[in-house]
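K.L.:
My questions all concern the structure below.
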Amino acid sequence: MGILNVTPDSFSDGGQFAALDFAISHAEQMIRDGVDIIDVGGESTRPGAPAVPLEEELRRVLPVLFALRDCGKAISVDTYKPELMREAVLAGVDMINDINAFRAPGAIEAVRESDCALCIMHMLDKPATMQDKPVYTDVVREVTGFLHERIGALTSAGIDRSRLWIDPGFGFGKTVEHNYALLKAGRQMVAELGVPLLAGLSRKSMIGAVTGKPVEQRLAGSLGGALAAVAHGAGIVRVHDVAETVDALKVWQAAQ
């Protein structure tokens, strides 16, 4: 899964692809690089990020969705707003990727009658405050329990389990230690929940904490993280650096 941020303030590539022509150009490059899924996001969810008004997020995202829907690759939308989910479904997207785990009023109703995949992510609190001293007694047990509850909420609403993915939410209200505990527990979580796992740790602070590198120098660490995520059970890795990750995974898979 390649990340396409159409925002002016994302932590890694903020503003670079906000204009429609640049966003489409970047998507086309990801396609040439071997991407399978393009994840379009119109609101930064970096730690401390302010919320974006609905109309602004719609303005950023919808033109990109309509421009890409016939590109031959799966399209995902990264949003927690039910109104954008409805518009994305009408645009024919293949996945809704929700950091809020479809908890917003109307979110489940917005996606229930569609056939797109749904990614349920764990986040502690909200982006503006999620990294303010996150505390867990047992992070793996608590995150797994949360995801189990949300899977139950969606399936109870009539959504087929086969549509669901889970994301432990690396960096979304977790310390470095919490993140690596969750990374190592990937296969355990998949086995317990019976739902495949999406891992997004590209360029995040958990990479910087281990390598000592700033965000623009985290390529090698991110490749290591992607391979570790797959080794620990991830079925999708969400990345900034598509070409390099595709090559790394090809070599890793050949060695299997």
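K.L.:
Has region 97-115 got at least one residue that is at pLDDT 95 or above, of a type outside the set (Gly, Ala, Ser) and in contact with a Cys (Cβ under 6 Å, 6 or more places away or on another chain)? Let's see the steps before the verdict.
P.N.:
Just the residues of region 97-115 that are at pLDDT 95 or above, to begin with: 97-115.
So of that shortlist, the ones also of a type outside the set (Gly, Ala, Ser) come out as 97-100, 102-103, 105, 108-109, 111-113, 115.
Pick out the ones that are also in contact with a Cys (Cβ under 6 Å, 6 or more places away or on another chain) and you get 97.
Within region 97-115, one or more residues are at pLDDT 95 or above, of a type outside the set (Gly, Ala, Ser) and in contact with a Cys (Cβ under 6 Å, 6 or more places away or on another chain).
K.L.:
Condition check: surrounded by fewer than 16 Cβ atoms within 10 Å (Cβ to Cβ), over 20 Å from the mean Cα position of the chain (by Cα), under 18 Å from ASP98 (Cα atoms) and acidic (Asp, Glu). Does ASP132 satisfy that?
P.N.:
no
K.L.:
All but one of (1) out of contact with any Pro (no Cβ under 9 Å at 6 or more places or on another chain); (2) without any contact (Cβ under 8 Å) to a residue 40 or more places away in the chain; (3) closer than 21 Å to VAL111 by Cα hold for PHE146, so report the exception by its number.
P.N.:
Of the numbered conditions (1) out of contact with any Pro (no Cβ under 9 Å at 6 or more places or on another chain); (2) without any contact (Cβ under 8 Å) to a residue 40 or more places away in the chain; (3) closer than 21 Å to VAL111 by Cα, the odd one out for PHE146 is (2).
K.L.:
Give me the pairs: first residue in region 17-32 and farther than 14 Å from PRO63 by Cα, second residue at pLDDT 95 or above and not charged (D, E, K, R), beta-carbon distance under 6 Å, and six or more apart or on different chains, which are they?
P.N.:
Pairs found: MET30/GLY2; MET30/VAL242.
K.L.:
On the basis of being aromatic (Phe, Trp, Tyr) and either assigned to a loop (DSSP other than H, G, I, E, B) or surrounded by fewer than 19 Cβ atoms within 10 Å (Cβ to Cβ) (or both), does PHE172 make the cut?
P.N.:
Working: aromatic (Phe, Trp, Tyr): yes; either assigned to a loop (DSSP other than H, G, I, E, B) or surrounded by fewer than 19 Cβ atoms within 10 Å (Cβ to Cβ) (or both): yes.
Yes: the conditions hold for PHE172.
K.L.:
Quick check on SER156: is it of a type outside the set (Lys, Arg), open to solvent by less than 30 Å² (accessible area, probe 1.4 Å) and modelled with pLDDT of 95 or more?
P.N.:
On the way: of a type outside the set (Lys, Arg): yes; open to solvent by less than 30 Å² (accessible area, probe 1.4 Å): no; modelled with pLDDT of 95 or more: yes.
No; evaluated as a whole, the condition is false for this residue.
K.L.:
Being β-branched (Val, Ile, Thr) and open to solvent by less than 10 Å² (accessible area, probe 1.4 Å) is true for just one of VAL237, VAL195. Which residue is that?
P.N.:
None of the other options fit; the residue is VAL195.
K.L.:
With the structure loaded, tell me whether ALA49 is hydrophobic (A, V, I, L, M, F, W, C) and at pLDDT 95 or above or whether it fails that test. Quick ask: steps written out before the conclusion?
P.N.:
Working: hydrophobic (A, V, I, L, M, F, W, C): yes; at pLDDT 95 or above: no.
The answer is no for ALA49.
K.L.:
Also, quick follow-up: In this structure, does SER162 turn out to be closer than 27 Å to LYS73 by Cβ, open to solvent by 30 Å² or more (accessible area, probe 1.4 Å) and free of Cβ contacts under 8 Å to residues at least 12 places away in the same chain?
P.N.:
Spelling it out, SER162 is indeed closer than 27 Å to LYS73 by Cβ, open to solvent by 30 Å² or more (accessible area, probe 1.4 Å) and free of Cβ contacts under 8 Å to residues at least 12 places away in the same chain.
K.L.:
Further, regarding this structure: In region 202-223, which residues are small (Gly, Ala, Ser) and touching a helix residue (DSSP H, G or I) at 6+ places or on another chain (Cβ under 8 Å)? Show your work before the answer.
P.N.:
Just the residues of region 202-223 that are small (Gly, Ala, Ser), to begin with: 202, 205, 208-209, 212, 220-222.
Correct list: SER202, SER205, GLY208, ALA209, ALA220, GLY221, SER222.
K.L.:
Further, regarding this structure: Any idea which of (1) under 22 Å from VAL140 (Cβ atoms); (2) open to solvent by less than 40 Å² (accessible area, probe 1.4 Å); (3) in a helix (DSSP H, G or I) is the one SER202 doesn't satisfy?
P.N.:
Going through (1) under 22 Å from VAL140 (Cβ atoms); (2) open to solvent by less than 40 Å² (accessible area, probe 1.4 Å); (3) in a helix (DSSP H, G or I) one by one, SER202 breaks only (3).
K.L.:
So, ILE151, is that one touching a residue at least 40 places away in the same chain (Cβ under 8 Å), part of a loop (DSSP other than H, G, I, E, B) and among the aliphatic types (A, V, I, L, M) or not? I'd like the intermediate steps shown before the answer.
P.N.:
Details: touching a residue at least 40 places away in the same chain (Cβ under 8 Å): yes; part of a loop (DSSP other than H, G, I, E, B): no; among the aliphatic types (A, V, I, L, M): yes.
In short, no.
K.L.:
For residues that are β-branched (Val, Ile, Thr) and within 19 Å of the chain's Cα centre (by Cα), scanning just region 178-218, find the one that is modelled with the lowest pLDDT.
P.N.:
Looking only at region 178-218, we keep the residues that are β-branched (Val, Ile, Thr), and these are 190, 195, 207, 210-211, 215.
The next check asks that each one be within 19 Å of the chain's Cα centre (by Cα); those that pass are 190, 195, 207, 215.
Numbers: VAL190: 98, VAL195: 98, ILE207: 98, VAL215: 95.
Among them, the one singled out is VAL215.
The values are calculated or read from the model by the stated rules, or taken from the named source; none is laboratory data. Because the structure is a prediction, the values reported are computed rather than measured. Every residue, glycine as well, gets a Cβ built from its backbone with ideal geometry; the counts of neighbours run over all protein chains shown. What goes into the accessible areas is simple: the full protein's heavy atoms, side chains included, and nothing from ligands, DNA or RNA. Shrake-Rupley method; radii C 1.70, N 1.55, O 1.52, S 1.80 Å.
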